[in-house]
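What follows is one structure encoded as structure tokens, with my remarks underneath.
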Amino acid sequence: MGALEQVIIAFVKRGDIGHLGLLLWAAAASGFAFLLLREIAVANKRFDAFVRELDRFNARHEENWP
């Protein structure tokens, strides 16, 4: 039997169904926040790469500017 099943059985035996729902909601919200922060970090890296490439482009073309 897994750890999650043991936790669920313990909550059900004590009649704390409301607390079990709250625990599941908190776990889902935490997982969603983790995924969201990971996606933001990846987007930030892509934006940083874009800005660096733009800087290289501008530096290369400033030499030819009158």
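The number of residues in region 50-66 that are aromatic (Phe, Trp, Tyr) and either closer than 30 Å to Ile9 by Cα or not in a helix (DSSP H, G or I) (or both) comes to 1. If the condition is being surrounded by fewer than 10 Cβ atoms within 10 Å (Cβ to Cβ) and either over 28 Å from the mean Cα position of the chain (by Cα) or among the hydrophobic types (A, V, I, L, M, F, W, C) (or both), then region 10-34 contributes Lys13, Gly15. Is it true that some residue in region 34-49 is without any contact (Cβ under 8 Å) to a residue 60 or more places away in the chain and in a loop (DSSP other than H, G, I, E, B)? No, the conditions are met nowhere in region 34-49.
Read the figures in this text as sums done on the coordinates, not as results from a lab. Computed from a predicted model, the values in this text were never measured in an experiment. Every residue, glycine as well, gets a Cβ built from its backbone with ideal geometry; the counts of neighbours run over all protein chains shown.
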